[in-house]
Amino acid sequence: MRPTGPLHVGHLVGALENWVSLQGSYECYFAIVDWHALTTEYSDPSAIRGYVREVALDWLSAGIDAERSTVFVQSAVPEHAELHLLLSMIVPLPWLERVPTYKEQREQLQDKDLNTYGFLGYPLLQAADILAYRAEAVPVGEDQVPHVELCREVARRFNHHYGAVFPEPQALLTPTPRVPGLDGRKMSKSYGNAIFLSESHAAIEDKLLHRMVTDPARKRRHDPGNPDLCPVFDHHEVFSPPSTVEWAAGGCRTAGIGCRDCKQALLERYRERLDPIRERRGLLVSKPGAVDEILRRGAERARASAAETLREVRSAIGIA
Ligand code: SF4
């Protein structure tokens, strides 16, 4: 995950909760990829270091267990950079140019000059992140599947030239439920419409009750509404049990409930879901140096594994 800001509830249901459960069935490596953050933030990297810490806190509070899994920062494991360099010798340029997110992101982020090798090589650095641990599987959303496909092709090409060193990793598709932001657009820190995991209940209450949009056609309490056009209802579908979802849909369509009642019910679900996360975060923050120590130990474990891979890679290529 790139450290480009604090994590929001979309990250929680779209990735983190899945990662927490994967820990029960896989040996997991979770990397905060600060070099990847540089690909778009190179002109002002001043915030990256702070975000690394925030992301680590968010992960650990959400239930990533540093005893069971390896949690580390990419730049603390220079083997990623060496493997990226070696893979760059064999990857044909068109393979990188045709990755769909390369074109899309250059069009979307027009305020940034992304005409750099780092940005073009982003999916190759990702391949190095994965192959350094000879990973068998990578949990991703639909949009990242082409990146895993590229990684498989790079592994195949390496094995073809130098002998079988890498397994071809599979994409473990993660369903990403729709969690719109307060204004109904995609939830994102840059849109200023996100609900963050690190926020207090009072701050979330204020956002939900005063800023979150509802079905625009439901202007007065006695107007029936359409839950399918309301972001609050999308959140109920993700965070509430079926009985509450049914209550909200029926009450909305018949004007049996007001939007405030509907939002209050959602707020309670948020409290249930986020209180344990807040509690773990409080404990971590109360122990000075705890997060740094977890990341240090994680980097040590990650380096041991990646160094072993790199020894094999160098020997396969035949360079010291
Ligand atoms: S009652 Fe609920 S679902 Fe209907 S418009 Fe209001 S907030 Fe949205």
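The values are calculated or read from the model by the stated rules, or taken from the named source; none is laboratory data. Fair warning: this is a prediction, and the values are worked out from it, not measured in the lab. So basically every Cβ, Gly included, is an ideal-geometry build from the backbone, and we count neighbours across all protein chains shown.
Quick grid of which residues meet (1) of a type in the set (Asp, Glu); (2) part of a loop (DSSP other than H, G, I, E, B); (3) modelled with pLDDT of 95 or more; (4) more than 30 Å from ARG53 (Cα to Cα):
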site	(1), (2), (3), (4)
GLU82	yes, no, yes, no
ASN115	no, yes, no, no
GLY118	no, no, no, no
TYR133	no, yes, yes, no
ASP143	yes, no, no, no
VAL148	no, no, yes, no
ALA155	no, no, yes, yes
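Scanning segment 298-307 turns up no residue that is within 16 Å of the ligand (Cβ to nearest atom) and assigned to a helix (DSSP H, G or I). Here SER43, SER21, SER61 are screened, and the one residue that is surrounded by fewer than 17 Cβ atoms within 10 Å (Cβ to Cβ) and more than 20 Å from LEU173 (Cβ to Cβ) is SER43.
Taken over segment 263-320, the criterion of being surrounded by 15 or more Cβ atoms within 10 Å (Cβ to Cβ), closer than 15 Å to SER61 by Cα and among the β-branched types (Val, Ile, Thr) is satisfied by ILE277, VAL291, ILE294.
Out of the helices (runs of 4 or more DSSP H) lying entirely within segment 170-265, which hold 1 or more residues that are in contact with a His (Cβ under 9 Å, 6 or more places away or on another chain)?
Values: elements: 201-211, 231-239, 242-253.
The helices (runs of 4 or more DSSP H) meeting that bar are 201-211, 242-253.
Restricting attention to segment 308-320, which residues are within 15 Å of LEU83 (Cβ to Cβ) and either in a helix (DSSP H, G or I) or modelled with pLDDT of 95 or more (or both)? Outline the logic, then answer.
Narrowing segment 308-320 to residues within 15 Å of LEU83 (Cβ to Cβ): 308-317, 319.
Of everything in segment 308-320, those that are within 15 Å of LEU83 (Cβ to Cβ) and either in a helix (DSSP H, G or I) or modelled with pLDDT of 95 or more (or both) turn out to be GLU308, THR309, LEU310, ARG311, GLU312, VAL313, ARG314, SER315, ALA316, ILE317.
One line per residue, one yes/no per condition, for (1) of a type in the set (Phe, Trp, Tyr); (2) touching a helix residue (DSSP H, G or I) at 6+ places or on another chain (Cβ under 8 Å); (3) farther than 28 Å from PRO6 by Cβ:
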position	(1), (2), (3)
VAL213	no, yes, no
LYS219	no, no, yes
GLY225	no, yes, yes
PRO231	no, no, no
VAL238	no, yes, no
PRO242	no, no, yes
LEU266	no, yes, no
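From the list GLY24, GLY10, GLY63, GLY50, the lone residue that is among the small types (Gly, Ala, Ser) and within 14 Å of the chain's Cα centre (by Cα) is GLY10. Sub-6 Å Cβ pairs linking a first residue in segment 97-120 that is free of Cβ contacts under 8 Å to residues at least 40 places away in the same chain to a second residue that is surrounded by 15 or more Cβ atoms within 10 Å (Cβ to Cβ) and of a type outside the set (Asp, Glu), at least 6 apart or interchain, are ARG106/LEU114; LEU120/LEU96, ordered by first then second residue. Consider segment 250-284 and keep the residues that are within 16 Å of the ligand (Cβ to nearest atom) and of a type in the set (A, V, I, L, M, F, W, C). The one that is farthest from GLY225 (Cα to Cα) is LEU267.
Given the residues ALA128, ALA171, which is the only one that is in contact with an Asp or Glu (Cβ under 9 Å, 6 or more places away or on another chain) and within 20 Å of THR40 (Cβ to Cβ)?
On the way: ALA171 fails: within 20 Å of THR40 (Cβ to Cβ).
Being in contact with an Asp or Glu (Cβ under 9 Å, 6 or more places away or on another chain) and within 20 Å of THR40 (Cβ to Cβ) holds for just one of ALA128, ALA171, which is ALA128.
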